[in-house]
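Colleague: Here you go, one structure.
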Amino acid sequence: MHFTVLTLFPELIRDTFMTGITGRAVANGLITLDTVNIRDHAVNAYGSVDDYTYGGGAGMLMMCEPVYNAFAEAKKKPENKDCRVVYLTPVGKTFDEDTARDLSKEGSLILLCGHYEGVDERVLDEIVTDRISIGDYVLTGGELPALIVMDAVSRLIPGVLGNDESSEDESFGNGLLEYPQYTRPPKWHDREVPEILLSGDHKKVDQYRMREARRKTKELRPELYGEYIKKRGIF
């Protein structure tokens, strides 16, 4: 997977993504990352990338030309020739595991990080293929949402997690929240690990975990549980 991020803060993207599991995946050649600084494509010597909005209103809007030129630079890379362009925005489709899986099937992605009051709609209409929101709230920029999307997509790339079963067992992998997990010691603050997990009976452990995943999902995310039973015809 190749990621290219169009941003005003490339160091934020690089410094965060190049740590932990994603950083190791880059080192192992499973993922590659480029950043394009939109400010390098400013329209004047002052480095301007934004201006007031037509019709009035608070705040500034990122202009077409710097964003488009940053995009054009990214498109010069052969791997980005036909890739999808994701704009991180509160008015986009809510990001979920299904979307992450869909994006993980791509060979490369370009992610556009807005700032201020957003980006001029004309350039969005011209270059963007997907508009994605990470939730119903507003942030100061698109860098954190881009990192969230990249992290969620990266862990679905074969080899990134080291154990490919991990992505299936964790929350949302099978449509349920993850079951509770425990480690040593077997007793802590008078709280004991469920006896079934110490039995060594893998079949019973699997059955227990499935029951707990369904219980936890039904209790904490009833709307998610409703979708789960609907898809499987379980009543």
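Every number here is computed from the coordinates shown, using simple stated rules; none is lab data. Just so we're clear, the structure is a prediction, and the values are computed from it rather than from any experiment. Note: ideal-geometry Cβ built from the backbone for every residue, glycine included; neighbour counts use all protein chains shown.
Colleague: I'd like the per residue volume of the convex hull spanned by the Cα atoms of region 106-231, given in cubic angstrom.
Modeller: 188
Colleague: Would you list E227, E219, E73 from fewest to most Cβ contacts within 10 Å?
Modeller: Going from sparsest to densest Cβ surroundings: E219, E227, E73.
Colleague: Can you order the peptides 193-204, 11-22 by their average number of other Cβ atoms within 10 Å per residue, highest first?
Modeller: Ranked from most to least packed, the peptides come out as 11-22, 193-204.
Colleague: Along the positive direction of the dipole of region 2-154 (beta-carbon charges: Lys, Arg +1; Asp, Glu -1; about the Cα centre), which of S154, N37, L111 reaches farthest?
Modeller: Going by the charge dipole, the pick is S154.
Colleague: How far is helix 143-154 tilted off the main Cα axis of the chain, in degrees rounded to 10, range 0 to 90?
Modeller: Result, in degrees: 50.
Colleague: Quick check on region 170-232: take the gyration tensor over C-alpha atoms, sort the square-rooted eigenvalues as a ≥ b ≥ c, and tell me if it's rounded (a/c under 1.5), prolate or oblate.
Modeller: Judged from the Cα gyration tensor, region 170-232 comes out prolate (a/c at least 1.5, a/b above b/c).
Colleague: Scaled to the compact-protein estimate 2.2 N^0.38 Å, what is the alpha-carbon radius of gyration of region 2-154, rounded to two decimal places?
Modeller: 1.01
Colleague: Residues with beta-carbon under 13 Å from that of Y182, excluding Y182: net charge, scoring Lys, Arg +1 and Asp, Glu -1?
Modeller: In short, 0.
Colleague: Taking the Cα-to-Cβ direction at L144 and at S48 and moving 7 Å from each Cα, how far apart do the two end points lie in nm?
Modeller: That separation, rounded to one decimal, is 3.0 nm.
Colleague: Continuing with the same structure: How big is the charge dipole of the chain about its Cα centre, in debye rounded to the nearest 20, if each Lys and Arg gets +1 on its Cβ and each Asp and Glu gets -1 on its Cβ?
Modeller: 920
Colleague: Indicate, rounded to the nearest 5 percent, the antiparallel portion of the DSSP beta bridges found entirely in the chain.
Modeller: 20
Colleague: Given a Förster radius of 45 Å and the C-beta distance between R39 and D98 as r, what FRET efficiency does 1/(1 + (r/R0)^6) yield to the nearest 0.05?
Modeller: Rounded to the nearest 0.05, the efficiency is 0.85.
Colleague: Also: So for the pair T32, R184, with labels modelled 7 Å out along Cα→Cβ, what separation do we get in nm?
Modeller: The answer from the label model is 4.3 nm.
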